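Here the structure comes first, spelled out in structure tokens, and everything after it is commentary.
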Amino acid sequence: MRPVDDSPVVRNGKTIVLAHDHGMEHGPKQFAGVEERLDPNTVFEMATHDAVTALAVGKGLAETYYPSYEDEVNLLAKLNGGSDLWMGEPYSPHNWSVDYAAELGADAIGYTIYPGVNEEPRMFEDFRPVQERARDHDLPVAMWSYPRGQAIKEHRSRDVIAYAARIALELGADFAKVKYPRSEEAMAHAVRSAADCNVLLSGGSKTSDRDFLELVEEVIGVGASGLAVGRNVWQRENPYEMLDMLEQVVFEGASADEALA
């Protein structure tokens with residue numbers, strides 16, 4: 001049995017991860033227009049919403065803020081991550097251990113892999129002890145599976161995204177977080193390719209309420225298990241309204257039109 005089967009980060013077979021690792025990955029520029037959300041407490045508060053089954057943060061935020069929210073928020077410990085300041089080939093360095101994440105009360109582990117980059121062999125090797133130690137702690141593992149590198153001409157093609165989902169399965173992840181491959185059929189192919197690995201849509205950059213909800217409705221309709229969303233929630237003027245609507249679409253089977261109404 002995979003650890004995901006009875007994990008608190010899953011609700012009725014579905015998952016909504018609220019991602020808040022953007023301060024590391026992209027810097028304070030991501031909070032332009034919503035500067036008050038530079039305070040992590042504001043996003044931890046959002047994660048107490050019933051729609052959120054896990055909050056993805058790195059080591060520093062987990063250490064500093066999670067103790068105040070551990071009774072209300074499920075922690076997805078994002079173990080690796082780099083900055084936009086790095087200009088070399090993509091590589092996501094390991095920042096903390098599974099053991100320390102478990103000590104802090106983590107409910108799941110998150111890890112980024114960049115298939116196709118020059119450092120792919122090293123990243124696969126880095127992931128192996130993370131996945132195996134997570135099994136020792138009965139913690140499910142979510143892989144941010146993002147193909148990159150010079151050899152990949154189209155990062156969101158049907159075959160590349162399906163391959164990304166399959167790699168997560170093959171390396172032992174329980175969730176594959178992938179980019180949208182630009183069509184419903186291609187997303188369905190990625191879900192089939194992942195087999196028993198749960199596919200999560202990467203929420204991406206902020207779009208209109210309707211466009212985002214219609215996309216979520218589509219990916220749930222083709223068998224995805226949910227999504228990991230950051231900017232499409234906490235960059236909004238009213239993030240709780242979006243969480244209300246996502247709860248309807250993901251967990252209650254509502255259409256985008258019904259949620260918007």
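The values are calculated or read from the model by the stated rules, or taken from the named source; none is laboratory data. The structure presented is a predicted model; accordingly, all values stated were derived computationally and were not measured. Neighbour counts run over all protein chains shown; Cβ positions are idealised from the backbone, glycine included.
Do we find that residue 193 is surrounded by fewer than 17 Cβ atoms within 10 Å (Cβ to Cβ) and within 19 Å of residue 144 (Cβ to Cβ) in this structure? Answer is no for this residue. On the given criteria, is residue 56 outside any strand (DSSP E or B) and either without any contact (Cβ under 8 Å) to a residue 24 or more places away in the chain or not basic (Lys, Arg) (or both)? The answer is no for residue 56. Inspection of the range 131-142 finds a residue satisfying the criterion of being closer than 18 Å to residue 6 by Cα, small (Gly, Ala, Ser) and either at pLDDT 95 or above or under 17 Å from the mean Cα position of the chain (by Cα) (or both). Restricting 107, 84, 71 to residues that are under 17 Å from the mean Cα position of the chain (by Cα), among the acidic types (Asp, Glu) and closer than 24 Å to residue 39 by Cα narrows the list to 107.
Just one of the listed residues (154, 185, 258) is within 29 Å of residue 50 (Cβ to Cβ) and acidic (Asp, Glu), and it is 258. Report yes if some residue within the range 8-20 is surrounded by fewer than 20 Cβ atoms within 10 Å (Cβ to Cβ), touching a residue at least 24 places away in the same chain (Cβ under 8 Å) and touching a Leu at 6+ places or on another chain (Cβ under 8 Å); otherwise report no. Checking the range 8-20: not a single residue is surrounded by fewer than 20 Cβ atoms within 10 Å (Cβ to Cβ), touching a residue at least 24 places away in the same chain (Cβ under 8 Å) and touching a Leu at 6+ places or on another chain (Cβ under 8 Å).
Among the residues of the range 238-257, those that are over 17 Å from residue 219 (Cβ atoms) and without any contact (Cβ under 8 Å) to a residue 40 or more places away in the chain comprise 238, 241. Taking into account only those residues within the range 108-135 that are in contact with a strand residue (DSSP E or B) (Cβ under 8 Å, 6 or more places away or on another chain) and among the β-branched types (Val, Ile, Thr), which is farthest from residue 21 (Cα to Cα)? Here the residue is 130. The single condition among (1) under 15 Å from the mean Cα position of the chain (by Cα); (2) under 27 Å from residue 35 (Cβ atoms); (3) surrounded by 16 or more Cβ atoms within 10 Å (Cβ to Cβ) that residue 205 does not meet is (3). Scan the range 198-214 and tell me whether some residue there is closer than 28 Å to residue 100 by Cβ, of a type in the set (Gly, Ala, Ser), touching a helix residue (DSSP H, G or I) at 6+ places or on another chain (Cβ under 9 Å) and in a strand (DSSP E or B). No, the conditions are met nowhere in the range 198-214.
I'm trying to understand the selection: among the residues of the range 86-113, which are of a type in the set (A, V, I, L, M), surrounded by fewer than 21 Cβ atoms within 10 Å (Cβ to Cβ) and touching a residue at least 40 places away in the same chain (Cβ under 8 Å)?
104
Here is a yes/no grid of residues against (1) of a type in the set (Gly, Ala, Ser); (2) in contact with a strand residue (DSSP E or B) (Cβ under 6 Å, 6 or more places away or on another chain):
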site	(1), (2)
25	no, no
28	no, no
39	no, no
49	no, no
53	no, yes
58	yes, yes
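Screening 172, 221, 226 for residues that are at pLDDT 95 or above, buried (at least 20 other Cβ atoms within 10 Å of the Cβ) and not β-branched (Val, Ile, Thr) leaves exactly one candidate, 226.
May I ask you to list the residues in the range 215-240 that are assigned to a helix (DSSP H, G or I) and either in contact with a Gly (Cβ under 8 Å, 6 or more places away or on another chain) or aromatic (Phe, Trp, Tyr) (or both)?
220, 231, 232, 233, 234, 240 - these are the residues of the range 215-240 that are assigned to a helix (DSSP H, G or I) and either in contact with a Gly (Cβ under 8 Å, 6 or more places away or on another chain) or aromatic (Phe, Trp, Tyr) (or both).
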